[in-house]
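S.K.: One structure, pasted below without further comment.
The numbers here are math on the coordinates, done by the rules we state, and not lab data. The structure presented is a predicted model; accordingly, all values stated were derived computationally and were not measured. As a convention, Cβ positions derive from the backbone with ideal geometry for all residues, glycine included, and neighbour counts pool all protein chains shown.
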Ligand code: NAD
Ligand code: UDX
């Protein structure tokens, strides 16, 4: 079977870029990305490409090439499902905030709604592809809903998790390490797998397209994120040991990373990992393990999250300690709010939690981030519910210029590794700040020796100066 029309439900950080690239690489396939959020769809359709809702280097060019040709963004979910022979589910699957599994399990409410809507809207057989990250065995529930409510139509369920990282989504999609497709080991299942393989084979070498059973595919996605996050927590644990002993975490990372069995990637010590995936997916895995009474497995992975929480608190405490044990009424400039560079996404960003800790100590914070708007900073803090929204607005300012953020500050904290922070005029910043001028580099992007020479009191992660 050859796919002619794809519908993707969910025009977010995954659905938007992934479908844009599929449309770009497969001009013969019509791709319709749908969402219930009208503002989001309007933004995807905005004439000015700087207004599309996801900031990713290179994405504007891909959208410019395909949009209106074979790539469409729409809120008309039902008719788009009807038109498609393949429907991707790429909706959000956040950690549950209520009821059984609160704070641990994935909330599958939106996935179930999608399954029901696909069943209701369909007038012909379809291949349904799970693109969202889902707990292992979710496909069973999707299948059950489709088969029980789908007017006797035939649905094949595939799992095709996405491995792109934000900030590098376009190169990751252009040239993925692998594409993973899980499906049933039946003639119909194999045919569905082949249909999706053929889509990717338009640009991905065949040997990089892995096919598995559905459960392996679902679990591989959770496992990949757990392993990656574990590396960050491991190097962050070592960073604390480095600070205590005088070792340098970058030297240690290099020394171990040159062992080909360990490898050099994902060994950057930091203020802590953020993003919408790592914490959510590990918590989900911990929850699933506990539900099978695998308590040692659950405890093992939970420690990755505990270490990450510790790293964020440790960073905040280091700031307080170095400001004579009080930050009350003191201005602290935050350079960066996004969870990593080259994205406007702030979900689970370490900056939010470090800010929250310092605000509880009555600090005044001034944030500068090149891509995150003021409303987002306030929304992130309000969401925590630690204090009244008015207090967040009193204690936190958002600057549109890094020098303005640093003016009269007691300390500058670097929370995101934006390249532009490396080339700021740090001499000028020193002049603008109160003395002693403290800089806490939560991303190890600055040269400590140079910073000390400029007069700063400089602290980084896992190294002493
Ligand atoms: P997102 O919140 O950016 O986007 C989800 C979109 O789905 C939203 O725009 C929402 O309005 C829409 N939506 C929800 N229910 C809907 C419905 N019933 N009908 C139509 N639209 C609906 O989320 P995201 O970051 O794109 O993540 C989506 C999934 O992909 C998650 O499961 C996530 O774990 C996974 N994932 C994310 C990343 C990442 O880097 N963000 C990477 C790999 C996998
Ligand atoms: C991650 C996975 O990498 C990706 O495969 C999956 O599809 C989604 O989740 P993402 O969260 O977008 O991607 O970014 P990633 O580059 O993995 O970074 C996650 C967090 O870890 C960021 O806060 C980043 O700053 C931090 N990090 C990463 C480190 O602190 N040190 C590192 O060495 C690497």
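S.K.: Would you mind calculating the relative contact order of segment 357-465 from Cα pairs under 8 angstrom and at least 6 residues apart, reporting the percent as a whole number?
M.R.: Contact order relative to length: 21 percent.
S.K.: Let me check against my output: what whole-number percent is the relative contact order of the chain, with C-alpha pairs under 8 Å and at least 6 apart?
M.R.: 12
S.K.: Using every pair of alpha-carbon atoms in segment 74-215, split the distances into 10 Å bins beginning at 0 and state the percent of pairs per bin, rounded to integers.
M.R.: Calculated P(r), rounded to whole percents: 11, 38, 36, 13, 1.
S.K.: Among 368, 465, 383, which comes first, then next, by fewest other beta-carbon atoms within 10 Å?
M.R.: Going from least to most buried by this count: 383, 465, 368.
S.K.: Another question, then. Which log10 I(q)/I(0) values does the chain give at q = 0.06, 0.08, 0.11 Å⁻¹ under the Debye formula, counting every alpha carbon as one identical point scatterer?
M.R.: At q = 0.06, 0.08, 0.11 Å⁻¹ the computed log10 ratios are -0.29, -0.51, -0.94.
S.K.: Between segment 316-366 and segment 24-98, what is the C-alpha centre distance in whole Å?
M.R.: Centre-to-centre distance over Cα atoms comes out at 34 Å.
S.K.: Quick check on segment 1-128: take the gyration tensor over C-alpha atoms, sort the square-rooted eigenvalues as a ≥ b ≥ c, and tell me if it's rounded (a/c under 1.5), prolate or oblate.
M.R.: oblate
S.K.: Let me ask something else about it. Compute the helix-to-body angle for 138-149: its Cα long axis versus the longest principal axis of the chain, expressed 0 to 90° and rounded to tens.
M.R.: Once rounded, the angle reads 40 degrees.
S.K.: Which number comes out as Rg/Rh for segment 132-213 once both Rg and the Kirkwood Rh are worked out on C-alpha atoms?
M.R.: Details: Rg = 14.2 Å, Rh = 14.0 Å.
Expressed as Rg/Rh, it is 1.02.
S.K.: Continuing with the same structure: Would you mind ranking 186, 95, 5, 343 so that the residue whose beta carbon has the fewest other beta carbons within 10 Å leads the list?
M.R.: With the sparsest Cβ surroundings first, the list reads 186, 5, 95, 343.
S.K.: Where does each of 106-116, 320-330, 57-67 land if you order them by average Cβ count within 10 Å, highest first?
M.R.: Listed from highest to lowest mean packing, they are 106-116, 57-67, 320-330.
S.K.: In addition: Project the alpha carbons of segment 197-238 onto their principal axes and report the range along each, largest first, in whole Å.
M.R.: That works out to 44, 23, 13 Å along the principal axes.
S.K.: Another question, if that's okay. Write down, largest first, the equivalent ellipsoid semi-axes of segment 112-159 in whole Å, where each equals the square root of 5 times an eigenvalue of the alpha-carbon gyration tensor.
M.R.: 17, 10, 9
S.K.: Then there is this: Take each of the peptides 85-92, 205-212, average the number of other beta-carbon atoms within 10 Å over its residues, and list them starting from the highest.
M.R.: 85-92, 205-212
S.K.: Can you give me the angle between helix 187-200 and the longest principal axis of the chain, using Cα atoms only, in degrees from 0 to 90, rounded to the nearest 10?
M.R.: Once rounded, the angle reads 50 degrees.
S.K.: In percent, what relative contact order does segment 60-192 have, based on Cα pairs under 8 Å that are 6 or more apart in sequence?
M.R.: Normalised by residue count, the contact order of segment 60-192 is 20 percent.
S.K.: Mind pulling the angle between the C-alpha long axis of helix 295-322 and the longest principal axis of the chain? Nearest 10 degrees, somewhere in 0 to 90.
M.R.: Tilt of helix 295-322: around 30 degrees.
S.K.: At 20 °C and a viscosity of 1.002 mPa s, what translational diffusion coefficient does Stokes-Einstein give for segment 325-465, taking Rh as the Kirkwood radius over Cα pairs? Give it in µm²/s as a whole number.
M.R.: Rounded, D is 143 µm²/s.
S.K.: Within 10 Å of each residue's Cβ, count the other Cβ atoms and sort 126, 102 from fewest upward.
M.R.: 102, 126
S.K.: Please say if segment 394-445 is rounded, prolate or oblate, where rounded means a/c under 1.5 for a ≥ b ≥ c the square roots of the C-alpha gyration tensor eigenvalues, and otherwise the choice is prolate for a/b larger than b/c and oblate otherwise?
M.R.: It comes out rounded by the Cα gyration axes.
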